[in-house]
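Okay, structure first, notes after.
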Amino acid sequence: MTIDQDKYILNVDDLSVSYGDFVAVKNVSFKVMHGEIFGLLGPNGAGKTSTLSSIEGLIRYKSGTITVDGKDVKADPLYAKASMGVQLQATSFQPELNVVQILQLFSGIYGVPMSRDRIRGILKEIGLEGHEKKKFSQLSGGQQQRISLVISTIHNPKLILLDEPTTGLDPQARRQLWERIEAFREQGHAVLLTTHSMEEAEAICDRIAIIDRGQVIAIDTPQTLIDTHKNDPDVIAVSRRGKVTLEDVFIALTGKTVRA
Amino acid sequence: METTIPKTSTVFASLFRADLQVAFSNRRSVIISLLVPMIILFTWKPFAQKMGGPFVLSTAVAIGLISIGLMAYTLSMARDREKGIFQRLRLAPAPTWVIMTSRITIQLMMIMVLTLGVFIVGFYQDKVSLSAQGYICSFFVAILGGAVYLSLGQMIAGLLKNFETINAVTRITYFCFMMVGTMGEILAVNPTVKQMIRFSPYGCVRMMLGASMDPAKWNQDTTTALLVSFAYIIVFAGLGIKNFRWETK
């Protein structure tokens, strides 16, 4: 796997997001390269979702710039949205629509209308053959997750944003999703994901940024972060398994306090 | 990998088809929203003879417009916002005005179905027939009247966030309008109250509908009602659009 370090698909520069007086994100900067899986890690309320929502164009950020494929998301929101595929933490579709109708809707609004046969083919590929007439709510968590991922990537986007994609999945479904994410990388897509799973970050992310209290406090490859911090007294103090893990580094950097 | 921004027409066609599928799935609630106007047509037969066919037809359409514009539209907007359905749609390269236009087009179609239904049932049940000009004018005025209630619904969905609150407010408003519509003008004695009822959103719509069904009776009051209706649309829609949030957080 080669990451093109000279070319980035996403550039977040000096981003700040506020909700009234509360500053959720403060001067956050990072880049995601083509063909890279980039993880955004942080405790609850650290500012991950606000950062992601700013990139997705769902919230108005206070200051800073975000470019996707070289275009400013504020100046050219439709281009940015067309360049991105997004999977939210919880996805909702009209409860009256069945799986085929949902796929027809989203293939249409992403500008790649699909026939019923093509949709059946896609459903077969993801192991959902025979579920065409089912409503989204009638599918299992893993099946819903696969449908959501298909919708997010239906237009072959350059950048894929996944907000805690493996939350609630069993180990088999989680491994299967990791393989899919890695396959996206092999195809040249860039992936930005948020996760609470350090195992996941270590397993699939090429680089990670740890965000806490709205600020990026560390950014590097998982292994480099471990190597850099493995001798820190705080890291050794929280280490439980004899060897330092990414989770130990994360807890040492962000503190032991449970966040809301 | 190429980035292509989809054509607005393609986006609209996809949204519209999905909204139509949703409306078809909810056909029971569509039938229920047509029920009250039909009940009026069946029970007000004596009024048709006493107060004229246009009075009964316009009351039936005006009440039906409230169910469609105020109840169906507002509640579907509130539900989809609460469930995060709008949030998912907004992630796609679909301009927000296209999402809204598709929804409103469905409601306008419903208004056409309602108006047509009232005319058909009115003709067979109450023996009320209008001139060709009356039928055509009534369709246009029904759309305008629908716009008054759609904008009122938009205002409610804009000013309130919680689905349950919106549900309660729309039901209370519906009940008030229905009471005003069915009894207000007949029972009100005080001239000021009568005037307020006449130029309320319901009163204006009913007055315009009545006059459009019998164009010879279009007078100064009807023109005032038309202007007041436009004012309602501008104020309600302005407040509704300005304050509308696509998510409840």
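None of the figures in this text is laboratory data; all of them are computed from the coordinates on show. This one's a predicted model, so the numbers in the text were calculated from it and none came from an experiment. In this analysis, Cβ positions are derived from the backbone assuming ideal geometry, glycine residues included, and neighbour counts consider all displayed protein chains.
With a cut-off of 8 Å between alpha carbons and a minimum separation of six or more residues, what is the relative contact order of the stretch A:185-260 in percent?
22
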Rank the residues A:Lys7, B:Lys249 as a footprinting-exposure proxy: fewest other Cβ atoms within 10 Å of their Cβ go first.
B:Lys249, A:Lys7
Take peptide A:107-118, look around each residue's Cβ out to 10 angstrom, count Cβ atoms belonging to other protein chains, and average those counts.
5
Could you list A:Lys48, B:Lys7 so that the one with the fewest beta carbons within 10 Å of its beta carbon is first and the one with the most is last?
B:Lys7, A:Lys48
Given A:Lys7/A:Lys31; A:Lys133/B:Lys161; B:Lys161/B:Lys242, which pairs have Cα atoms separated by over 21 Å?
A:Lys133/B:Lys161
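Relative to the compact globular guide of 2.2 N^0.38 Å, what is the alpha carbon radius of gyration of the stretch A:42-195, as a ratio?
Numbers: Rg = 15.8 Å, N = 154, 2.2 N^0.38 = 14.9 Å.
Normalised Rg, Cα atoms only: 1.06.
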Please compute the contact order of the stretch B:8-243 in relative form: average sequence separation of alpha-carbon pairs under 8 Å and at least six residues apart, divided by the residue count, as a percent.
28
Expected integer from the mean partner chain Cβ neighbour count at 10 Å over A:158-164 is 1
Using alpha-carbon coordinates alone, the radius of gyration and Dmax of the protein assembly as shown in Å work out to 28.1, 95
Over all distinct Cα pairs, what is the inverse of the mean 1/r for chain A, reported as the Kirkwood hydrodynamic radius in Å?
19.3
Below 21 Å, Cα to Cα, which lysines can A:Lys243 reach? Residues fewer than 8 away in the same chain don't count.
A:Lys230, A:Lys256
Normalise the Debye intensity by I(0) for the stretch B:8-243, one equal point scatterer per Cα, no solvent, then take log10 at q = 0.14, 0.15, 0.17 Å⁻¹ and round to two decimals.
-0.89, -1.01, -1.26
Within the stretch A:63-157, list the trypsin sites (Lys or Arg not before Pro) lying in a DSSP loop whose Cβ has at most 10 other Cβ atoms in a 10 Å radius.
A:Lys133
Using the 10 angstrom Cβ neighbour count as an exposure proxy, how do B:Ser58, A:Ser140, A:Ser16, B:Ser29 rank, fewest first?
A:Ser140, B:Ser29, A:Ser16, B:Ser58
Defining a contact as two alpha carbons under 8 Å apart and six or more residues distant in sequence, what relative contact order in percent does chain A show?
25
Averaged across orientations, what area in nm² does the convex hull of the alpha carbons in the stretch B:124-227 project?
8.3
